[in-house]
Amino acid sequence: MTERLGGPRLLVKRDDLTALALGGNKTRKLEYLIADALGKGADTVITAGGIQSNHCRLTAAAATLHGLRCELVLGADPPTRPATGNLLLDGLFGATVHWSDPDAREATMESVADQLRARGQVPYLIPVGGSNGLGAVGYVAAMHELCAQLRDLDWTVDHIIVASSSGGTQAGLVVGARLSGFSGRVLGISIDQQQAGGLFPRRLSAIANETAALLGVEERFDGADFDLDYGYLGGGYGVVGDLERDAIGQAARWEGLLVGPVYTGRALGAMLEMIRRELFAPTETVLFWHTGDTPALFAYGEQLLGSAP
Ligand SMILES: *Cc1c(COP(=O)(O)O)cnc(C)c1O
């Protein structure tokens, strides 16, 4: 890809290959969240997401691996076609699915928790995307891992490009960058958060400050610590447009590399466009932090290939 584009040197951090149930960034958060659930004596985890949520699929896998039940609140209408992609995997992992109005997911999680408590069970609630201070600790560790790898190879990275949505990934990376002295930029490509009102940087800094407090470090963060691009919201969350379709196709044909329809296709599409606009110097190194999303490809056959391949 580096040669074809003739721009900066490109690297990919393969968190699509984290070692659980087809991989993705949520595995790194769940290492900490599931440990906390077990430590608190929970027997069931509850979380929420969209119908093709990678976070819900990985929560279901991590829960069953550790002997916990899993209840998923999916903000969608029940599908009329057979389950596919992440939703198929949720079923294989034995999760119970509750269908909810997308705006009522938190309330539905609370009411599922109340019902479980009434039956004597001990639920543990994980927020959408696993994005709280504890989940983001997984991405502080991930940044330390990257810096150690770069040191071993004697490489430097000038820009990290990462898909950002519920915020825990970028918040953890930015805390990790500060703590490990990473000198490059961490640029979040907003997948679905709007720029208006500056709400998202405030949310990122709140998560980062919670993470720093949990780690017992003095560092504090505010909205200005987060570099975001809101220019790639496209047709909205989960909608594949030309940008995503082209990026998915190019990664597949040029590198045999799969990126997904909801998050990583959009973030990679953003990166490719920035390279075409020559926003990076040819001497720079850009790292695409691949956060997963590939199982969702199977739910997007028509949008990606049309009715016949
Ligand atoms: C959840 C998710 C993201 C976004 O991470 P956040 O921590 O929610 O910002 C990016 N890519 C994939 C594949 C995801 O599933």
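Can you confirm whether segment 278-286 contains a residue that is within 16 Å of the ligand (Cβ to nearest atom), more than 22 Å from ALA21 (Cα to Cα), in contact with a Phe, Trp or Tyr (Cβ under 9 Å, 6 or more places away or on another chain) and hydrophobic (A, V, I, L, M, F, W, C)? Within segment 278-286, none of the residues are within 16 Å of the ligand (Cβ to nearest atom), more than 22 Å from ALA21 (Cα to Cα), in contact with a Phe, Trp or Tyr (Cβ under 9 Å, 6 or more places away or on another chain) and hydrophobic (A, V, I, L, M, F, W, C).
The single condition among (1) in contact with a strand residue (DSSP E or B) (Cβ under 8 Å, 6 or more places away or on another chain); (2) away from the ligand (no atom under 16 Å from the Cβ); (3) not in a helix (DSSP H, G or I) that ILE160 does not satisfy is (2). Just the residues that are away from the ligand (no atom under 16 Å from the Cβ) and either in contact (Cβ under 8 Å) with a residue 60 or more places away in the chain or surrounded by 15 or more Cβ atoms within 10 Å (Cβ to Cβ) (or both), please, taken from segment 39-54. Hits for segment 39-54 are LYS40, GLY41, ALA42, ASP43, THR44, VAL45, ILE46. Of LEU297, LEU258, LEU214, all but one fail to be under 18 Å from LYS13 (Cβ atoms), in contact (Cβ under 8 Å) with a residue 60 or more places away in the chain and surrounded by 15 or more Cβ atoms within 10 Å (Cβ to Cβ); the exception is LEU258.
Checking each residue in segment 99-124 for being outside any helix (DSSP H, G or I), surrounded by fewer than 19 Cβ atoms within 10 Å (Cβ to Cβ) and in contact (Cβ under 8 Å) with a residue 24 or more places away in the chain picks out TRP99, ASP101, GLN121, VAL122. Whenever a residue of segment 266-292 is acidic (Asp, Glu), its partners that are open to solvent by less than 10 Å² (accessible area, probe 1.4 Å), lying with C-beta atoms within less than 8 angstrom and at least six residues away or across chains, give the pairs GLU284/PRO8. Of the helices (runs of 4 or more DSSP H) lying entirely inside segment 197-309, those containing at least 2 residues that are in contact with an Asp or Glu (Cβ under 7 Å, 6 or more places away or on another chain) span 199-215, 264-276. In the list ARG69, ARG57, ARG81, ARG28, which residue meets the criterion of being at pLDDT below 95 and either more than 26 Å from HIS290 (Cα to Cα) or open to solvent by less than 50 Å² (accessible area, probe 1.4 Å) (or both)? After applying the criteria, what remains is ARG81.
So for segment 131-138 (the condition being among the β-branched types (Val, Ile, Thr), in contact (Cβ under 8 Å) with a residue 12 or more places away in the chain, within 15 Å of the ligand (Cβ to nearest atom) and closer than 17 Å to ASP293 by Cβ), does at least one residue qualify? Checked against the condition, which is being among the β-branched types (Val, Ile, Thr), in contact (Cβ under 8 Å) with a residue 12 or more places away in the chain, within 15 Å of the ligand (Cβ to nearest atom) and closer than 17 Å to ASP293 by Cβ, segment 131-138 yields no hits at all.
Take GLY6 and decide whether it is at pLDDT below 95, more than 13 Å from the ligand (Cβ to nearest atom) and either among the small types (Gly, Ala, Ser) or crowded, with 21+ Cβ neighbours inside 10 Å (or both). First the steps, then the outcome.
Working: at pLDDT below 95: yes; more than 13 Å from the ligand (Cβ to nearest atom): yes; either among the small types (Gly, Ala, Ser) or crowded, with 21+ Cβ neighbours inside 10 Å (or both): yes.
In short, yes.
The values are calculated or read from the model by the stated rules, or taken from the named source; none is laboratory data. Since the structure is predicted, the reported quantities are computational estimates derived from the model, not experimental observations. Don't worry about glycine lacking a Cβ; one is built from the backbone with ideal geometry, like all the others, and counts go over all protein chains shown. Ligands, DNA and RNA are excluded from the accessible area calculation, which covers all protein heavy atoms including side chains. Shrake-Rupley method; radii C 1.70, N 1.55, O 1.52, S 1.80 Å.
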